[in-house]
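Scroll down for the structure; my scribbles are underneath it.
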């Protein structure tokens, strides 16, 4: 990609198998980055490796080192994938679009919540905004096109549905996804060494909590 | 030493050479739009190239310096002050930089460098995430920046030849490499001149003049987006991603700007024009290596002239 990045592809299907491969290769690259690497960016079906175009040997030498490193990729072992439980208070003022999403799915609000909280999601990528996770694995019933008029202010922690994906807004920002709930967890903290709570390839399990539990969360 | 902001100018931010190693968390690379100019401004006052400096946009600030020091301005040219040369500033002096005469973004470095606590591998201001730089925002009147006070002087009279700079112009030809989806677009992109629209900022430049038609409706899976990527949204007006590019993108990519020509884009204003020429990867990398060599030579040469 241009003169500063190489894209490593893992097919063209977003799913658990692909994301496991992406995660395994990311771990290998981060542990042993080829000389000249500036950044490693995993997302859905690719890893983009940004490098310094002025390194000796240029792209040809970099690609050789990159391939050598990718040869070392091991299968993911248990323990290399983190599963995080994310508490969410669904509906009400925290999830103003829950009714609409439920209606679209022909479910009651309670069933829509159960349906959203049931699967184990995988983080397909973190981007759009610092710490924003795109989660793959949303039940087909809940797929909802983005809002035609995006909100100018989506509160931090809002859990949304945009098309086939679900995600969480880490900061207050504009946004076009349907909001179904809110988590009290902080997804991005610039003061931390690794500022994002979630990484590409992590597994996420939502857990419904009450408004009282939300308020009491520390 | 303190530098007080009397008037902030249109958009004055602290920047450096950008953040690396952090894009997987969604944090943009950021840093100076014209990284060559920021590096050069630092060299001219004896700093390391990556020291935090001010990026000034179209209208400059008025600043008050508490001690004698040396500054340098590079990139865009500002009326009433030497361009790309160390300038002596006396204690108590108010430096007024109202008008950017040529180009869009000027860089002001101060000897010793602005004191900015780095965050997430960088000192630059990320305006969207409101982090880094001075309180995560553009400068305002009455802000007080500090800088390490150092005594540095220049020796003799000299001036850098503009041939050492990128070929800045208000209608440059920018060299690009083919993008992943280049073949899904016709030849229009290569044969025409585009105008920089007013919807252009540190995140990206929206070009206008010719809408590009894509002969495929294949949906793409989002992947990393980086500064220099030229993407084409469905309405057909290309967008060149700049320093504060979002880290993910799902639009087709027609081209990628060669790293060495990013400064040319950084200096364009709304209404300026740009055209694109395709080059090979080997050529782009040879140019990148040459740029680094020239810069290193400048660094050595300037060390002699500053003490």
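Note on the protein assembly as shown: along the principal axes its Cα atoms extend 79, 50, 46 Å, ordered by decreasing extent. If the Kirkwood radius is taken over C-alpha pairs of chain B, then at 37 °C and 0.692 mPa s the Stokes-Einstein diffusion coefficient equals 165 µm²/s. Relative contact order of the range B:173-286: 40 percent, from C-alpha pairs under 8 Å at least 6 residues apart in sequence. Hydrodynamic estimate: the Kirkwood radius of the range B:173-286 over Cα pairs, inserted into Stokes-Einstein at 37 °C and 0.692 mPa s, corresponds to D of 235 µm²/s. Taking other Cβ atoms within 10 Å as a rough exposure proxy, B:295, A:94 sort from fewest to most as B:295, A:94.
Averaged over the residues of peptide B:183-194, the number of Cβ atoms from other protein chains lying within 10 Å of each residue's Cβ is 0.
Per-residue shielding of B:255-264, expressed as the average number of other chain Cβ atoms within 10 Å of the residue Cβ, stands at 2.
Evaluated on the range A:5-71, the Kirkwood hydrodynamic radius is 12.0 Å, with distances taken between all distinct Cα atoms. With the alpha-carbon atoms of chain A aligned to their principal axes, the span from lowest to highest coordinate is 59, 35, 31 Å, starting with the largest. Divide the volume of the convex hull around the Cα atoms of the range A:38-144 by the residue count and you get 148 Å³ per residue. Computed from the mean reciprocal separation of all distinct C-alpha pairs, what Kirkwood hydrodynamic radius does the range B:2-159 have, in Å? Roughly 15.3 Å, rounded to one decimal.
Each Cα pair under 8 Å and six or more residues apart adds its sequence gap; the mean of these over the residue count of chain B is a relative contact order of 21 percent. Counting 0.36 nm for each residue step from residue A:16 to residue A:61 and taking away their Cα separation leaves a gain of 13.0 nm. Taken along the Cα-to-beta-carbon direction at a fixed 7 Å, the label points for residue B:277 and residue B:96 span 4.3 nm. With semi-axes defined as the square roots of five times the eigenvalues of the C-alpha gyration tensor, the equivalent ellipsoid of the range A:178-218 measures 22, 15, 9 Å, largest first. Fully extending the segment from residue B:269 to residue B:148, taken as 0.36 nm per residue of separation minus the present Cα-Cα distance, adds 40.2 nm.
A Förster distance of 51 Å, applied to the separation of the beta-carbon atoms of residue A:85 and residue B:217, puts the FRET efficiency at 0.85. Mean separation of Cα pairs under 8 Å and 6 or more residues apart, divided by the residue count, gives the range A:83-216 a relative contact order of 36 percent. Residue order for B:217, B:171, fewest other beta carbons within 10 angstrom first, comes to B:217, B:171.
Think of it as helices only: each DSSP H run of n ≥ 4 in chain A is worth -39500 (n - 2.57), and spread over all residues that comes to -7500 deg cm²/dmol at 222 nm.
No value in this document is a laboratory result; all are computed from the given coordinates. Here the structure is a predicted model, which is why all the values come from computation and not from measurement. Don't worry about glycine lacking a Cβ; one is built from the backbone with ideal geometry, like all the others, and counts go over all protein chains shown.
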